[in-house]
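All remarks here apply to the structure that follows.
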Amino acid sequence: MRQEPRLVVREWVQGVTTDTGDSRLARGRKITTRSQHEALRLPSARHLLLVPTLLLVGLFFLVPLAFTAIYSLGTTSLVTFETHFGWTLLNYRSLADSLYVGTILRSLVLSAAATLACVLIALPMAFFIAQQRRALQTILLLAVIVPFWTSFLIRIYAWINILQNGGPLQSILQHMGLLDGPLNLLYTPFSIGLGIVYGYLPLMVLPIYVALERADPHVFEAAADLGSRGWSLMWNIVVPLSKPGIIAGCILVGIPATGEFVTPAILGGGKTLMFGNVIGSQFLEVGNLAFGSAMAMCLFAVVLALLVVQAFAHRPGET
Amino acid sequence: MTLLRRHPVVCVVGVLGIAFMWLPILVVVLNSLNGDVYLVQWGGLTLRWFRQAAADQQVISAIVTSLEMALTTAVLSVFVALTGVLWWRKASRRGRQFFNALVYARLVLPEVVLATSLFLVLTRLELPLGMVTAVIGHTVWDSAFATVILQARARLLSEEIEEAGADLGASPISVLFTVTLPSLAPGILAAGVLAFSLSFDDVVTSFFLSGSRLTTLPLLVMGFIRFRVTPEVNAIGALVTSSMIASTLFVLWLVGRSSRGRGSLAQHLGL
């Protein structure tokens, strides 16, 4: 099966030289065979390797984005569904006036709330994992990652099973005497928020865990020795140490949450739509390509703004 | 430290958080075996829903379509990612920055925006929407993830062994095939499995680019649950989820085994 690289070298050494095959010998010859070594870099042919990526990104990423930008400045006739290209800001202006602006703002607030909820849950989770013994850390980390790598669609769909009226959550709450009537949680903004938190929580736990793992464990001991306890330790030591992780996590969760399409489509029941779904319906249902493109450009702008904020937030932390 | 580790809030949130990750998956698996048609109570163990799903021609053809799409996407994504990463490894600082920009731009752009943009171009060119257009869309997106996984693997590779090979007279091509690629192999497989599962599970890109006649498994499931919760969907979900868990564990085992402690789990994930 897979060959250990060092063994391969050893075979070569034995083949090329009559020596016993010490790989240190190879390193020793480095200076004398500069020209051969340079050959590995193959100045011009090497750049052919970049062609697939360039073609893919150029043709199917940059060109389509440029198309969207151009479409967003045109107008689509809702009678003939033909788009006329012009240089008008009409779509952007009607976006600001339209009924959609409320929906879009509400959906952005929902994404932000879900991201914040992720931080609040992930912080103690990551800390809990980082404080365990090495072997247990790996197992717990796997327990967080593995569900994330299974079907996103099915994981979101699963919540219908749990939240629906007459489902397990309702029976449990009724047995505990906490609920009288039906649950009525499914197909609400809450259920969408829950779906987003559930869907992306591992993307918040992982970077915070990485930040805490890199931190010097003695810091926690020192703080505890100096009398820092409970919340104070959490707030003064753990939160600042995990800040780079929190920032990275907010980007990893916030960006897909802002453009979320699947979760509202499943857990919103067609009632509560988010930014992504509004764009989608402009393209496939209404057929107003120009207006849909303007919306897509706005979503793109929101994401870019998030990245700019992140770049500024990250700067003081880096040395 | 011990005080905070045993702090009730940290422990409770930690344990509940991990349980929270698994609870919905468990519910789907249990309900797929639940004999009660309305799924409101436990109606005894049954394999009825699995048999029903397996007998459904729509389900079978959707699975075949999805497998075809995911396999093609995985092969293309690995090709693009591998060639790209081989270039990136030897590139200058500027070149690396440029390459990373190409990768991260694809990762941060919301999938809806990419899908609708491609939809505009492809319909403008009057290309019929179908398998080819969907695979293009998937590859743009999934090859970026594949690239990140491969980059993480490539970072763990020392150049000394390759240089040693070259010093000893191996041609660049034979260094590539006998040293570099075998060392990257676990990463290549991991990237392929990731691209495969992302494509197999994709809703958004398929929704816009696969046209009206092609139905992938996720699109079929979306259609099913728009009207009602059927036990059949639970059976499909249980199958898909368990096979994805199995493939994830396999890849993690493979990557972990081949790296023998070099680099942490987080490094392998490209974090």
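Brief remarks follow.
- Which of B:D201, B:D167, B:D142 has the fewest Cβ neighbours within 10 Å, and the rest in rising order: B:D201, B:D167, B:D142
- Value of [θ]222 nm, deg cm²/dmol, for the protein assembly as shown, DSSP H segments ≥ 4, -39500 (n - 2.57) each, nearest 500: -22500 deg cm²/dmol
- Here the stretch A:264-312 and the stretch B:9-72 have alpha carbon centers that stand 30 Å from each other.
- Projected label distance in nm at A:A215 and B:I60, using a 7 Å step from Cα toward the beta-carbon: 5.6
- Residues A:F190 and B:L125, FRET efficiency given R0 of 56 Å [Cβ-Cβ distance, rounded to 0.05]: 0.85
- Seen through its C-alpha gyration tensor, with square-root eigenvalues sorted a ≥ b ≥ c, chain B comes out oblate because a/c lies at 1.5 or above while a/b is not bigger than b/c.
- Largest GNM mean-square fluctuation among B:T215, B:T147, B:T241, using chain B with Cα springs under 10 Å: B:T241.
- Taking every residue in A:123-133 and counting other chain Cβ atoms within 10 Å of its Cβ, the average works out to 5.
- Once the C-beta distance of B:R257 and A:H84 is scaled by a Förster radius of 41 Å, the resulting FRET efficiency is 0.10 to the nearest 0.05.
- About the Cα centre, charge dipole magnitude for the stretch B:59-201 (Lys/Arg +1, Asp/Glu -1 at Cβ), debye: 420
- Relative to the globular-protein estimate of 2.2 N^0.38 Å, the Cα radius of gyration of the protein assembly as shown stands at 1.04.
- Summary: within chain B, the longest segment free of chymotrypsin sites (Phe, Trp or Tyr not before Pro) located in DSSP loops with at most 16 other C-beta atoms within 10 Å is B:43-271.
- Helix B:131-155 vs. chain B, principal-axis angle (Cα, 0 to 90°, nearest 10): 50
- Selected from B:I136, B:I63, B:I225 as most flexible by GNM, with chain B as the system and alpha-carbon contacts under 10 Å: B:I225
- Crossing angle, helix B:8-32 versus chain B [Cα axis fit, 0-90 degrees, rounded to tens]: 60
- Comparing Cα centroids, the stretch A:57-76 and the stretch A:140-184 end up 40 angstrom apart.
- Cα pair distances exceeding 24 angstrom across the stretch B:70-191, given as percent: 37
- Among the trypsin sites (Lys or Arg not before Pro) within the stretch A:192-300, those in coil by DSSP and having at most 14 neighbouring Cβ atoms inside 10 Å are A:R229, A:K271.
- In this calculation the C-beta distance from A:L173 to B:Q52 is compared with R0 = 30 Å, giving a FRET efficiency of 0.45.
- For the stretch B:18-93, the percent of C-alpha pairs falling in each 5 Å distance bin, counted from 0 to the bin holding the largest distance, reads 3, 12, 11, 11, 12, 13, 11, 8, 7, 5, 4, 2, 1.
- Whether the stretch A:97-317 is rounded, prolate or oblate, judged on the alpha carbon gyration tensor where a/c under 1.5 counts as rounded: oblate
- Order of B:T116, B:T248 under a 10 Å beta carbon neighbour criterion, fewest first: B:T248, B:T116
- Ranked A:E213, B:E68, criterion: other C-beta atoms within 10 Å, fewest first: B:E68, A:E213
Read the figures in this text as sums done on the coordinates, not as results from a lab. Because the structure is a prediction, the values reported are computed rather than measured. FYI the Cβ positions are ideal-geometry reconstructions off the backbone, even for glycines, and counts take in every protein chain you see.
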